């Protein structure tokens, strides 16, 4: 595994179960554009695990540092995610990296850590606040 590729602590909202009933975070890449990084941008990828298309209007991905307790950074999503399809959210670009991402489905400006942090996929565009603001059940 290359430096900077990792899975952030994932916070899953009530709308984002991992039992095939909704949309899930499938991949997180922080440190994009850092010295020694492969990719030029940070990114988050989501996946529609259902058998039906889902409108992403009113959805967002949000990020906070691992110890962050304030307002989270937000990238709003749009369009419709077809059943069984992935959706690429391009975030901040660094000065390093050599491989650009494929054409993203959404673009944000969030600079994510290469080592740790928190990412949430939500069916709202209202910014979260606090350390662990999402309550969920498995």
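What the Cβ-Cβ distance of residue 95 and residue 57 gives, at R0 = 41 Å and to the nearest 0.05, is a FRET efficiency of 0.75.
Working from the Cα coordinates of region 9-122, the gyration tensor eigenvalues give, after taking √(5λ), semi-axes of 23, 16, 11 Å in decreasing order.
Our note on the geometry: Cα centres of region 106-132 and region 70-99, 10 Å apart. The calculated FRET efficiency for residue 38 paired with residue 86, based on their beta-carbon distance and R0 = 22 Å, is about 0.75.
We did not get these values from a lab; they are worked out from the coordinates using the rules stated. Just so it is clear, the structure is predicted and the values come from calculations on it, not from any experiment. Cβ sites come from the backbone with ideal geometry, for glycine too, and all protein chains shown count toward neighbours.
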